[in-house]
Structure formats: C-alpha cells, structure tokens
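**Student:** Let me give you the structure first, and then I'll get to my questions.
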Amino acid sequence: MKLTVVVPSYNEGSAIRLTYEKLKDILKSYCLTQKYDYEFIFVDDGSRDDTLNVIKQFQRFDTHVKYISFTRNFGKEAGILAGLAYSSGDAVILMDADLQHPPELIPKMLEYYIEGYDQVVAKRNRTGDSKSKTLFSKLYYKMVNHLVDVKLEDGVGDFRLLSRRAVKALLSMHEYNRFSKGMFSWIGFNVKVIEYENQQRVTGTSKWSFTKLVQYGIDGILSFNNKPLRSTLYLGFIMVVLGIAYILYSLIRVLVVGIDTPGYFTIISAILIMGGAQLLSIGVIGEYIGRIYYEVKKRPHFLIEETNIERVKQKRYWEDKYEA
Ligand code: UDP
Ligand code: MG
C-alpha cells in the first residue's frame, strides 16, 4: 500500500516549509506503524519566489519528496492534474500548501479508504470567514445546484483522498477547462465526507481575487452542462409569447379605439428588453463557443520544466501525454 500526497504550490515559499514539516511528521509515524509507503509530489506552478528551491532542499534529505516544476503559472487545476497523472500511490491525497487543509486528518482519511471508500472528502465549515462571503457563497451554491446536473457543495474543496480507481476516472476526462469541483462530483463512486474546522492560511496571501472568484463562479455554472443554453431558449419562448400577447392587445385597441400615436414609452421598453435579452443569449452562446475553441485546440494542460520523477523525465518535457 502506497500513499501519494499532491501539493500544488504557487508562490508558497513562506508556507511550504511548515506544511512539509508537518506532513512529514504525520506520515512518517503513521506509515511506519501501518507499514505503508508514501511519497509527496510538490507541483511548483511557475512560482516567482523561492518555492522551487525550498522544495529541492527537502528532496536532498528525503527520498519521498518528488517535485514537478512548470514553465509558467498554469493554475491550480493544472497542478492537481500533473500530480494525479504522475502519482504512483494506491491512494492519492490532494492538499493545499498553506496548511488550510490540516494534515492531521490524513490518518482518518486513510481509515475510510481502507474501509472501501473511493473518495474521502474533507469538508470545512466557515468559521472565521467574513459574513458577506459566507452569505454570498451560500446563495451561490443554492442557485448553482438548480443550474447544473452534478451536485456542488459548499465547503467541499480539493482536500480529499482519491483511490486509484477514482484517479483513473479523473485522468480519463481530457477536457481542457477543468472544473475539478464538478469533476469530483461527476465521477461518483462511494464518497465519505468528514468535517473539519476552517483554518486560516499560515502565511502569505490567497491567490483569489474577487474577479477570479466571480469567474470561478461562472465556470461552475457553464462547465458542466448546457442548461444555460436551454434557459436562453426558454427566455426566447417567453419573449415571443409576451410579444404576441402585446401585439394582439394593441391590435384590438386599434380596432376598438382607433390609432393613438404617442407610444414612446412602449417602444423604448420593448427595444431595451429585447436588446437585453438578445445580448444575454448571445453572451451565453459566446461562452460556450469560447470553451469549444479551447477544447478543440487540444493544447497540453501544462508544460514541465524540471522534475525528479524518472517516469516523467524519460518523456520529453513538453509532452503532456499522461496515461489514464
Ligand atoms: N495554487 C496553485 N496555482 C495557482 C494558485 C494557487 O498551485 O495559480 C495553489 C496554492 O499554492 C495553494 C492552493 O493552490 O496551495 C490554494 O490556493 P490559495 O490558498 O491561494 O486559495 P484559497 O485557499 O484562498 O482558496
Ligand atoms: Mg489557501
């Protein structure tokens, strides 16, 4: 039995040492008693600080440490994908580098894995988050679950254990836009949820700005199905019905009362509403076309500049052909 811990890290020079020390302590003692083997895969996502150097220092004294360094910042999803693709464990744990995902939960996750769960998910509560953020995300998840087919849950993120089966399932999904929250839910399997107390990051700053969050939110709605397209169809249908009703009403009025010319208000309202509805629909279609554009290019998800994983070294670094 071997465990892989994947840690995507971007500009985490200040936090990653603490994370590593803590992880190492826990895994060393736990895996020794259970006779498990383990490895860490640190994915340096094109950091501009000394993250990579710090990781390389770990690797000098600890053969369990593997690293993959990208040529530039490809985003967390790419980091997770690379970690999964080059992991060799029977179970893989995904974890942030800032200790917001407490490593103390790992033994408990492994217990559930041994019990036969394919996904063990750690769910955080929202203590310490600002009230507005909590409310906003609550509303968001309420709405989004009406709009998409897979179930997305608040507080459930990337901190989870995946069995080899589940990893294979994820790697068999080759889409370019990887919305992992939806993908984890999409693959299914038997899932166990354990809860933990929300943690603040140890040092450094979050890479999430408000606009990034909004974009992530839109991704969540659009990445998983064509329901938004369907709803523009409904919108068009409603508009046509309303339009016909209004035309009939005006026609009858003309026949009964005669023509009255002053109609600025009705005309301007109709133009504005119709224009808005059309722009909205074109926007939705555009979003999907944009996604199709990226999908058909079939670009690799990441490019590797440097690594100490033999299996990856044997390939040319620019080849992103991982096996499912
Ligand atoms: N991360 C990454 N690439 C990025 C942004 C973030 O690999 O482009 C990593 C980051 O180093 C951390 C994890 O993803 O380990 C979560 O990022 P962060 O803590 O900024 O997000 P938050 O916890 O605020 O959601
Ligand atoms: Mg964080």
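Each reported figure results from applying straightforward, stated rules to the coordinates on display, with no laboratory input. Predicted model only: the values in this text are computed from it and were never measured. No Cβ is skipped: glycine too gets one built from the backbone with ideal geometry, and neighbour counts run over all protein chains shown.
**Student:** By how many degrees, 0 to 90 and rounded to 10, does the Cα axis of helix 51-61 deviate from the longest principal axis of the chain?
**Tutor:** 30 degrees
**Student:** While we're on this one: So how do 126-133, 15-22 stack up, highest first, on mean other-Cβ count within 10 Å?
**Tutor:** 15-22, 126-133
**Student:** Additional query: Per residue and in cubic angstrom, what volume does the convex hull of the Cα atoms of the chain have?
**Tutor:** Expressed per residue, the convex hull around the Cα atoms of the chain is 160 Å³.
**Student:** While we're here: Please give the charge dipole size of the range 1-137, origin at the Cα centre, charges +1 on K and R Cβ atoms and -1 on D and E Cβ atoms. Round to the nearest 20 debye. List each step's numbers first, then the result.
**Tutor:** Numbers: 18 positive and 19 negative charges, 50 e Å.
Here the size comes out at about 240 debye.
**Student:** Going by average Cβ density within 10 Å per residue, which order do the peptides 251-259, 31-39, 221-229 take, highest to lowest?
**Tutor:** Descending packing order for the listed peptides: 221-229, 31-39, 251-259.
**Student:** Take peptides 47-58, 272-283 and line them up by average Cβ neighbours within 10 Å, highest first, as a rough protection proxy.
**Tutor:** 47-58, 272-283
**Student:** As I understand it, the value is the acute angle between the Cα axis of helix 76-85 and the longest principal axis of the Cα atoms of the chain; what does it come to in degrees, rounded to 10?
**Tutor:** Result, in degrees: 50.
**Student:** With θ set to phi - 60° and the Karplus curve 6.51 cos²θ - 1.76 cosθ + 1.60, what are the ³J(HN,Hα) couplings of the range 142-156 in order, to the nearest whole Hz, using x for Gly and Pro?
**Tutor:** 4, 5, 5, 6, 7, 8, 10, 7, 7, 8, 10, 10, 5, x, 9
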